[in-house]
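Undergrad: Questions regarding the structure given below will be posed in turn.
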Amino acid sequence: MSATGLPPHVRLANEIARQFAHREPADAATRIANHIKAVWDPRMKAALISHVDSGGEDLDPVAALAAEQLRPVEARGAQ
Amino acid sequence: MSLLKEPDFGTPARDGEATVELTIDGVSVTVPPGTSVMRAAKHAGLDIPKLCATDNLEAFGSCRLCIVEIDGARGTPASCTTPVAPGMVVRTQNEKLGKLRRGVMELYISDHPLDCLTCSANGDCELQDMAGVTGLREVRYGSGVEAGANHLDAPTDSSNPYFDFDASKCIACSRCVRACDEVQGTLALTIEGRGFDSKVAAGAGVSFMESDCVSCGACVQACPTATLQEKTVIELGMPTRSVITTCAYCGVGCSFKAELRGDELVRMVPYKDGGANEGHSCVKGRFAFGYASHPDRVMEPMVRDAITDPWRKVSWEEAIGFTARRLREIQANYGQGSIGAITSSRTTNEEVYVVQKMVRAVFGNNNVDTCARVCHSPTGYGLKQTFGESAGTQDFSSVDHADVILVIGANPTDAHPVFGSRMKKRLRQGAKLIVIDPRQIDLVRSPHIEAAHHLSLAPGTNVAIVNALSHVIVTEGLVDRAFVEERCEDFDQWETFISGPEHSPEAVAELTGVPAEEVRAAARLYATGGNGAIYYGLGVTEHSQGSTTVMGMANLAMATGNIGRAGVGVNPLRGQNNVQGSCDMGSFPHELPGYRHVSDDDVRDVYEKLWGTPLLNEPGLRIPNMFDSAIDGSFRALFVQGEDIAQSDPNTAHVFAALGALELLVVQDLFENETAKWAHVLLPGTSFLEKDGTFTNAERRINRVRPVMSPQTGKHEWEIICEISQAMGYPMHYDSAAQIMDEIAITTPTFAGVSFDHLDKVGSVQWPCNLEAPNGTPIMHTDEFTRGKGRFMETVYVPTTERSTRKYPLILTTGRILSQYNVGAQTRRTANVAWHPEDILELHPHDAEVRGIEDGSTVALSSRVGRTTLRAKLSERMPVGVCYTTFHHPVTGANVITTDNSDWATNCPEYKVTAVQVDLLVEPVNAQAAENLEPAVVGH
């Protein structure tokens, strides 16, 4: 837990999302997801997905959209 | 003065083609116009006697030893001040000249102590040499008292901790004064008095230590006698051997001659042929090497089961076995990804390479990161996105061709002093300066230099200012359309974006605090003033939008065509000596060596075949992620190579919590640093004097680090890594560091042409170094960008979430000071503490007055994450509302205050913006916040 009180994966995803807030949500979500795919450790991605699955509290809505693109392909198909 | 003497041509080289032919002592020589007769003679293999001349200083013509005869010219002109002319016929030796020179020498010697045999410069004194060269056999006037009035009783100034000034030996040649002026650019020294009373003085009636002298050593280097002499030479005697190597401090990466007696280092002398420094130095590189032999050094491996236990000194075998066993146990219990490592920018490329190899091939994950995470990771990201390569574009000498220099978020005279001197030289020659910095750094106004524009912006608004500059350039028709059209892509959409009224200087003036007209004027100057060069530092990168600012600067450079030739470019000033190299070597968790993503099958295939093991294709943990994962329990063991994360990383309480949660912390370091207090294994490291390898500086220059002595701990650091790897079951062996570089070269395209042999042959190379560029690439992106077309990126300004509030109304920004380096582990163990014994809080007098704070008051500095105490210094260099401190001393623990806010793209911490309150402390508090969190208190 950071000084903001948010779990790290939520805080970091929100920080990334703020940078793309000027874009259309779908476009922003893809850019956020691509960035996370490129630099996040798998456990952090899993934690973000898990956070979304448990309601996504305090997570930027566009970051939540991005998290959907981080799911393994087979899991995405099952949604 | 130095043991290993490079050729001294007497006066500086002149640019241009060698077109002027003349004859000297019957030898024909052709040199560029403007060359002195003295220099031409040296080219012809002829040494003309000299005392006041040396080739890093303009000719002065005072000693009259270098007189010559020239056909058709009257008298005996000084060869140092006489330029060559076509057809000139010169004689440097004949009876008349010899007699005149001996006459000059007689006058010098008549007022010089004749104590050569006991003089500290015996054997290394140009006055002594010239007495021999001129054939001086008698001094008709006698010497000392018998010669009449003299200076033999002149006092010695020993105030500087590193050198003495013995005025009795001064020959008033002015070399020291001119070196301070021309090379260092501080102008601290002068010749006081006239005629016989002329004497060198450091300021008006003060000692060297009390003067403006920055102790760079240029005067000591320039002195032809023992007047300015290193104390170590006085105490130990002349060195007997010399090894060319590379400084272990900042990212300038200066080349030095390490001069020793046996295994004892006597002095460091800047190397004239060093590509980065060309014979100059700073107080750290030249003098602050005593830490390498400091008694605090850890010389034997130590282990303990718990951090509350005392250390046990053990054999290397036991330490390595313990480390390997515990790492494997933890992986068995918590998974392959539960361990990782942090590499260091203070270790060599070869040492870094083997650590990242250990992580990827032996640990079987990508949990490797480097301390560059907390300084220049946004540079790597931003420049790769725009230019295609994670590195600066120029060599240092490029600044000699700059017409407009834009310095943003950097303080080169303190943090990169040797390059700072070079920049100041260019500014004194007339280049224009724009400084973007909240503080009035020294460059803004110093002797013979004044910034054309100082944009004193509010911390955290870099992107807004850089965008505003671009907005002016685009909307006022200052874009270099031809360059953009030929060399770049995505310009049209960027042009639309940046033309938006929200980016205008007027629109952002309120939030940046910079008057719009000043921004417009600066933009016009950068775009139209000739070659525009951007230099930046951690004041750019250590922000929540560090990467965005880097991309914004790249946009600026591309829009104005300021890329791809001498005098321009986007140039990061790297903090530590091997920041560039540690990043190049694959220290980032998402990139293999050469900045190639771990998901690239072709690249992984190269390493999988060579290393004989499969590699993961997913990124690993970054340093902040490691801390978070340690606290959540998924990350249990960390190997830290030569880095003091407990002192250098932000939000100390958070770092301590993470370190305290680890089951195993292995620290490899010279000292039992703050991080080692949390460690279970402490592996002694080697100083730069013992290392064999390479450092890569901020201009991508790969320099050799040559061992001047064997490892004092018994092992090279790369050997230790190999042995841990072997103990973990992976065969890793190299016969030498050179063999590691060979492996780097065959696997990393940008290093393909690099080898120790090649470096020893050519001195240094700047990567890319390969078949196309066997001697390296001083300037990048000359014909096309590394990625093909330079890419314009939209850089939206997003304010940081760290804002001043009623409770924390001031903004703290942190940085460095000239005499100290990083966490101070090295410089605090040298006499450099004489200049900076403690971290100080600088704040504006207005902010101090309303709080009842006076200069020297002890104050409490608090943020939402921590609190510490330190002394205050009132300074109008600070804008109202902003305060500043350094992080060199653990007792202050500046990072107790900083938060875990970070750059959105790279997680580089936002050190430069922390909302704080400053309160006057009536009773000084001795116990610091950081100390209260130390292991003995917190425990596990």
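The values are calculated or read from the model by the stated rules, or taken from the named source; none is laboratory data. Being a predicted model, the structure only gives us computed values, none of them experimental. Every residue, glycine among them, receives a Cβ derived from its backbone with ideal geometry; neighbour counts consider all protein chains shown.
This table checks each residue for (1) touching a residue at least 24 places away in the same chain (Cβ under 8 Å); (2) touching a helix residue (DSSP H, G or I) at 6+ places or on another chain (Cβ under 6 Å); (3) in a helix (DSSP H, G or I); (4) not assigned by TED's automatic domain parsing to the domain that holds residue B:388.
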{"residue": "B:517", "(1), (2), (3), (4)": "no, no, yes, no"}
{"residue": "B:526", "(1), (2), (3), (4)": "yes, no, yes, no"}
{"residue": "B:535", "(1), (2), (3), (4)": "yes, no, no, no"}
{"residue": "B:540", "(1), (2), (3), (4)": "yes, yes, yes, no"}
{"residue": "B:551", "(1), (2), (3), (4)": "yes, yes, yes, no"}
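Undergrad: A further question on this structure: Test residue B:630 against the stated conditions and say whether it is touching a Phe, Trp or Tyr at 6+ places or on another chain (Cβ under 6 Å), within 25 Å of residue B:887 (Cα to Cα) and crowded, with 24+ Cβ neighbours inside 10 Å. Spell out the reasoning first.
TA: On the way: touching a Phe, Trp or Tyr at 6+ places or on another chain (Cβ under 6 Å): no; within 25 Å of residue B:887 (Cα to Cα): yes; crowded, with 24+ Cβ neighbours inside 10 Å: yes.
For residue B:630, the condition - touching a Phe, Trp or Tyr at 6+ places or on another chain (Cβ under 6 Å), within 25 Å of residue B:887 (Cα to Cα) and crowded, with 24+ Cβ neighbours inside 10 Å - is not met.
Undergrad: Across segment B:152-170, which residue is nearest to residue B:831 (Cα to Cα) among those that are within 34 Å of the chain's Cα centre (by Cα) and in a loop (DSSP other than H, G, I, E, B)?
TA: By that ranking, first place goes to B:161.
Undergrad: Further question on the same structure: Collect the residues in segment B:298-318 that are buried (at least 19 other Cβ atoms within 10 Å of the Cβ) and farther than 23 Å from residue B:661 by Cβ, keeping them in residue-number order. Reasoning before the result, please.
TA: Looking only at segment B:298-318, we keep the residues that are buried (at least 19 other Cβ atoms within 10 Å of the Cβ), and these are B:298, B:301-303, B:307.
B:298, B:301, listed by residue number.
Undergrad: For residues in segment B:879-896 being of a type in the set (A, V, I, L, M) and at pLDDT below 90, which is nearest to the chain's Cα centre (by Cα)? Let's see the steps before the verdict.
TA: At the first step, the residues of segment B:879-896 found to be of a type in the set (A, V, I, L, M) are B:880, B:882, B:891, B:894, B:896.
Filter once more, keeping what is at pLDDT below 90: B:891, B:894.
Details: B:891: 25, B:894: 22 Å.
Selected residue: B:894.
Undergrad: Can you find even one residue in segment B:759-780 that is part of a helix (DSSP H, G or I) and either of a type in the set (Lys, Arg) or in contact with a Leu (Cβ under 7 Å, 6 or more places away or on another chain) (or both)? Explain how you work it out, then say what you get.
TA: Initial filter on segment B:759-780 (part of a helix (DSSP H, G or I)): B:759-762.
After this cut, where a residue has to be either of a type in the set (Lys, Arg) or in contact with a Leu (Cβ under 7 Å, 6 or more places away or on another chain) (or both) as well, the list is B:761.
Yes, segment B:759-780 contains a residue that is part of a helix (DSSP H, G or I) and either of a type in the set (Lys, Arg) or in contact with a Leu (Cβ under 7 Å, 6 or more places away or on another chain) (or both).
Undergrad: Residue by residue through segment B:598-626, note down the ones that are of a type in the set (Lys, Arg) and more than 14 Å from every other protein chain (Cβ to nearest Cβ). Quick ask: steps written out before the conclusion?
TA: We begin by selecting, within segment B:598-626, every residue of a type in the set (Lys, Arg); these are B:604, B:609, B:622.
Hits for segment B:598-626 are B:604, B:609.
Undergrad: Under the condition of being assigned to a strand (DSSP E or B) and within 14 Å of chain A (Cβ to nearest Cβ), which residue from segment B:860-891 is surrounded by the fewest Cβ atoms within 10 Å (Cβ to Cβ)? Lay out the reasoning, then the answer.
TA: Pass one, segment B:860-891, residues assigned to a strand (DSSP E or B): B:860-862, B:867-874, B:882-886.
Subset that is within 14 Å of chain A (Cβ to nearest Cβ): B:862, B:867.
Numbers: B:862: 21, B:867: 19.
Residue satisfying both the conditions and the ranking: B:867.
Undergrad: With respect to residue B:607, determine if the residue is hydroxyl-bearing (Ser, Thr, Tyr), within 23 Å of residue B:816 (Cβ to Cβ) and touching a helix residue (DSSP H, G or I) at 6+ places or on another chain (Cβ under 9 Å). Working first, answer last.
TA: Details: hydroxyl-bearing (Ser, Thr, Tyr): yes; within 23 Å of residue B:816 (Cβ to Cβ): no; touching a helix residue (DSSP H, G or I) at 6+ places or on another chain (Cβ under 9 Å): yes.
It is false that residue B:607 is hydroxyl-bearing (Ser, Thr, Tyr), within 23 Å of residue B:816 (Cβ to Cβ) and touching a helix residue (DSSP H, G or I) at 6+ places or on another chain (Cβ under 9 Å).
Undergrad: Then there's this: Hey, residue B:842 hits all of (1) assigned to a strand (DSSP E or B); (2) in contact with a Gly (Cβ under 8 Å, 6 or more places away or on another chain) but one; which does it fall short on?
TA: (2)
Undergrad: Let me spell it out: the conditions are (1) under 30 Å from the mean Cα position of the chain (by Cα); (2) away from chain A (no Cβ under 14 Å), and residue B:595 meets all of them except one. Which number is the exception?
TA: Checking residue B:595 against (1) under 30 Å from the mean Cα position of the chain (by Cα); (2) away from chain A (no Cβ under 14 Å), the one that fails is (2).
Undergrad: Of everything in segment B:775-804 that's within 14 Å of another protein chain (Cβ to nearest Cβ) and of a type in the set (Ser, Thr, Tyr), which residue is nearest to residue B:559 (Cα to Cα)? Full working, then the answer.
TA: To start, the set of residues in segment B:775-804 that are within 14 Å of another protein chain (Cβ to nearest Cβ) comprises B:793-803.
Restricting the remaining residues to those that are of a type in the set (Ser, Thr, Tyr) gives B:795, B:797, B:800-801.
On the way: B:795: 14, B:797: 19, B:800: 27, B:801: 30 Å.
The residue in question is B:795.
Undergrad: Can you find a residue in segment B:472-486 that is small (Gly, Ala, Ser) and in contact (Cβ under 8 Å) with a residue 40 or more places away in the chain?
TA: yes
Undergrad: Can you name the residue in segment B:639-655 that is within 14 Å of chain A (Cβ to nearest Cβ) and among the hydrophobic types (A, V, I, L, M, F, W, C) and, of all such residues, is farthest from residue B:351 (Cα to Cα)? Explain how you work it out, then say what you get.
TA: Taking segment B:639-655 first, the residues within 14 Å of chain A (Cβ to nearest Cβ) are B:649-655.
Imposing the further condition that a residue be among the hydrophobic types (A, V, I, L, M, F, W, C) reduces the set to B:653, B:655.
Values: B:653: 30, B:655: 25 Å.
In this case the residue turns out to be B:653.
Undergrad: A further question on this structure: If you go through segment A:12-68, how many residues are assigned to a loop (DSSP other than H, G, I, E, B), more than 13 Å from every other protein chain (Cβ to nearest Cβ) and at negative phi?
TA: Going through segment A:12-68 one residue at a time, the tally reaches 4.
Undergrad: Among B:147, B:167, B:179, which is surrounded by 22 or more Cβ atoms within 10 Å (Cβ to Cβ) and of a type in the set (Gly, Ala, Ser)? Full working, then the answer.
TA: On the way: B:147 fails: surrounded by 22 or more Cβ atoms within 10 Å (Cβ to Cβ); B:167 fails: surrounded by 22 or more Cβ atoms within 10 Å (Cβ to Cβ).
From the options B:147, B:167, B:179, the qualifying one is B:179.
Undergrad: Please pick out the residue among B:472, B:479 that is touching a helix residue (DSSP H, G or I) at 6+ places or on another chain (Cβ under 8 Å) and either farther than 19 Å from residue B:570 by Cβ or in a helix (DSSP H, G or I) (or both).
TA: Among B:472, B:479, only B:472 is touching a helix residue (DSSP H, G or I) at 6+ places or on another chain (Cβ under 8 Å) and either farther than 19 Å from residue B:570 by Cβ or in a helix (DSSP H, G or I) (or both).
Undergrad: What's the number of the only condition in (1) over 16 Å from the mean Cα position of the chain (by Cα); (2) within 23 Å of residue B:694 (Cβ to Cβ) that residue B:552 fails to meet?
TA: (2)
Undergrad: Please give the strands (runs of 3 or more DSSP E) falling wholly within segment B:348-436 in which 2 or more residues are within 14 Å of another protein chain (Cβ to nearest Cβ).
TA: Values: elements: B:368-370, B:404-408, B:432-436.
Ranges flagged: B:368-370.
Undergrad: Could you list, in sequence order, all residues of segment B:188-214 that are in a loop (DSSP other than H, G, I, E, B), touching a residue at least 24 places away in the same chain (Cβ under 8 Å) and surrounded by 17 or more Cβ atoms within 10 Å (Cβ to Cβ)?
TA: First, pick out the residues of segment B:188-214 that are in a loop (DSSP other than H, G, I, E, B): B:188, B:193-194, B:198, B:203-214.
Next, from what is left, pick out any that are touching a residue at least 24 places away in the same chain (Cβ under 8 Å): B:188, B:198, B:207-210, B:212-214.
Answer for segment B:188-214, where residues must be in a loop (DSSP other than H, G, I, E, B), touching a residue at least 24 places away in the same chain (Cβ under 8 Å) and surrounded by 17 or more Cβ atoms within 10 Å (Cβ to Cβ): B:188, B:208, B:213, B:214.
Undergrad: May I ask you to say which residue of B:306, B:332, B:324, B:341 is without any contact (Cβ under 8 Å) to a residue 12 or more places away in the chain and out of contact with any Leu (no Cβ under 6 Å at 6 or more places or on another chain)?
TA: On the way: B:306 fails: without any contact (Cβ under 8 Å) to a residue 12 or more places away in the chain; B:324 fails: without any contact (Cβ under 8 Å) to a residue 12 or more places away in the chain; B:341 fails: without any contact (Cβ under 8 Å) to a residue 12 or more places away in the chain.
Testing whether each residue is without any contact (Cβ under 8 Å) to a residue 12 or more places away in the chain and out of contact with any Leu (no Cβ under 6 Å at 6 or more places or on another chain) leaves just B:332.
Undergrad: Mind listing just one residue for me: the one in segment B:374-409 that is more than 25 Å from residue B:768 (Cβ to Cβ) and within 17 Å of the chain's Cα centre (by Cα) and, of those, surrounded by the fewest Cβ atoms within 10 Å (Cβ to Cβ)?
TA: Filtering segment B:374-409 down to residues more than 25 Å from residue B:768 (Cβ to Cβ) leaves B:374, B:403-409.
Remaining after also requiring within 17 Å of the chain's Cα centre (by Cα): B:374, B:407-409.
Details: B:374: 27, B:407: 27, B:408: 24, B:409: 27.
Residue satisfying both the conditions and the ranking: B:408.
Undergrad: From B:61, B:34, B:10, grab the single residue that is part of a loop (DSSP other than H, G, I, E, B), in contact (Cβ under 8 Å) with a residue 12 or more places away in the chain, in contact with a helix residue (DSSP H, G or I) (Cβ under 7 Å, 6 or more places away or on another chain) and among the small types (Gly, Ala, Ser).
TA: Working: B:61 fails: in contact with a helix residue (DSSP H, G or I) (Cβ under 7 Å, 6 or more places away or on another chain); B:34 fails: in contact with a helix residue (DSSP H, G or I) (Cβ under 7 Å, 6 or more places away or on another chain).
Just a single option satisfies the conditions, and that option is B:10.
Undergrad: Filter segment B:796-826 down to the residues that are within 28 Å of residue B:552 (Cβ to Cβ) and among the small types (Gly, Ala, Ser), then identify the one that is surrounded by the fewest Cβ atoms within 10 Å (Cβ to Cβ).
TA: B:804
Undergrad: A further question follows. Among the residues of segment B:636-670 satisfying the criterion of being part of a loop (DSSP other than H, G, I, E, B) and in contact with a Phe, Trp or Tyr (Cβ under 8 Å, 6 or more places away or on another chain), which is nearest to residue B:714 (Cα to Cα)? Spell out how you get there, then give the answer.
TA: Step one: list which residues in segment B:636-670 are part of a loop (DSSP other than H, G, I, E, B), which gives B:636, B:642-644, B:649-651, B:662-663, B:670.
When the remaining residues are screened for being in contact with a Phe, Trp or Tyr (Cβ under 8 Å, 6 or more places away or on another chain), the result is B:636, B:649-650, B:662, B:670.
Working: B:636: 29, B:649: 30, B:650: 34, B:662: 29, B:670: 13 Å.
Only one residue tops the list, namely B:670.
Undergrad: Pairs under 8 Å by beta carbon, first residue of a type in the set (Lys, Arg) in segment B:842-859, partner surrounded by 19 or more Cβ atoms within 10 Å (Cβ to Cβ), six or more apart or different chains?
TA: Final answer for the pair search is B:851/B:859; B:851/B:918.
Undergrad: Would you point out the residue of segment B:252-264, among those that are at pLDDT 95 or above and touching a helix residue (DSSP H, G or I) at 6+ places or on another chain (Cβ under 8 Å), that is farthest from residue B:56 (Cα to Cα)?
TA: Checked segment B:252-264; the qualifying residue farthest from residue B:56 (Cα to Cα) is B:252.
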